[in-house]
Structure formats: C-alpha cells, structure tokens
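Comments concern the structure below.
Bear in mind that the values in this text are calculations on the coordinates, not laboratory data. Here the structure is a predicted model, which is why all the values come from computation and not from measurement. Cβ: placed from backbone, ideal geometry, glycine included. Neighbour counts: every protein chain shown.
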Amino acid sequence: MLCVLDAAYGEGSATQWLIPQLHDLCAAVGVKTKLDEGQMFQLATMIRNEFGYLKTTEVMLFLWRLKGGRYIEFYGAIDIQRVMRALRGPFVEERVKVIDRHEAMKREQEKQQWAKTALKPAEIEELRKRLQREGKI
C-alpha cells in the first residue's frame with residue numbers, strides 16, 4: 001500500500017515512488033503538453049493522500065489501463081482532475097467489485113470446508129448422550 005511505503009521508508013516515499021510512474025504515463029500518452037515536475041509532484045501527492053490504501057500494483061494497473069485509454073482520453077494535455085476522476089470513479093469501482101467477488105468466493109470456500117468438518121445432527125445427539133452418561137452435562 002502507498003501508506004506502507006511511507007511507514008517503511010519514510011514520509012514522502014510513496015510520492016517519490018509515484019513520480020517515475022507518472023513520468024512513464026507522460027511518455028506513453030500522445031499529448032503535446034506533458035506534466036511538468038511541479039504538476040507531477042502535485043498529482044503524486046494527491047494520489048498518495050486520497051488513495052494511500054491502494055497497493056502499488058493497483059496503482060500500476062490503473063496507470064497501465066489509463067495509458068491504454070480504458071478510462072479517459074487525453075486531448076492536447078494531461079489533466080490532473082481527469083486522472084483523479086478516473087482513479088476515483090471507474091478504477092475504484094472495478095476494484096470494489098473484484099474484492100467483493102473474491103470475498104464471496106472465499107466465504108463460499110470456507111462454508112464448504114466447514115460443511116466437510118462440521119458434526120452432523122446425529123453425531124451431535126450421540127455426543128450429547130455420551131456426555132450425559134458420563135455426567136459432564
């Protein structure tokens with residue numbers, strides 16, 4: 001997670017990690033006006049502050065998809081607000097759906113595992129009777 005980068009390597013590490021990623025974005029998209037260093041720092045800081053919970057791989061996936069035109073197209077210049085809207089909107093929505101789907105699968109697997117190891121009603125009744133005979137309940 002971006003916030004873990006800061007915790008592990010010092011405040012500002014996540015922002016410093018993001019800047020080369022944004023350089024790569026600028027190099028990959030065909031626009032006349034690229035982000036200058038100040039704008040890159042500002043965008044990196046905004047991403048870190050608002051989306052510190054994202055994993056670095058998720059940020060990389062977002063930027064990969066952004067370069068491919070999945071969320072927005074750039075016309076003439078890279079617009080910080082459009083990048084943030086794309087991250088805040090479609091990407092985070094997709095992420096939530098994927099996480100929900102994964103958690104549902106995990107719950108189903110746990111349920112199936114529990115069903116394999118759970119005592120059957122007849123086994124519970126037999127255990128109860130045995131414990132009563134032994135005077136434990």
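Quick notes
- All of Val31, Val98 fail the test of being surrounded by 14 or more Cβ atoms within 10 Å (Cβ to Cβ), of a type in the set (A, V, I, L, M) and out of contact with any helix residue (DSSP H, G or I) (no Cβ under 9 Å at 6 or more places or on another chain), apart from Val31.
- Residue among Val96, Val83 that is in a helix (DSSP H, G or I), of a type outside the set (D, E, K, R) and in contact (Cβ under 8 Å) with a residue 40 or more places away in the chain: Val83
- For region 34-43, the criterion of a residue being surrounded by 14 or more Cβ atoms within 10 Å (Cβ to Cβ), acidic (Asp, Glu), over 22 Å from Ala7 (Cβ atoms) and more than 13 Å from the chain's Cα centre (by Cα) is satisfied by no position.
- In region 116-137, the residues that are surrounded by 10 or more Cβ atoms within 10 Å (Cβ to Cβ) form Cβ pairs under 8 Å with partners that are assigned to a loop (DSSP other than H, G, I, E, B), at six or more places apart or across chains, as follows: Leu127/Leu119; Arg128/Ile137; Leu131/Ile137.
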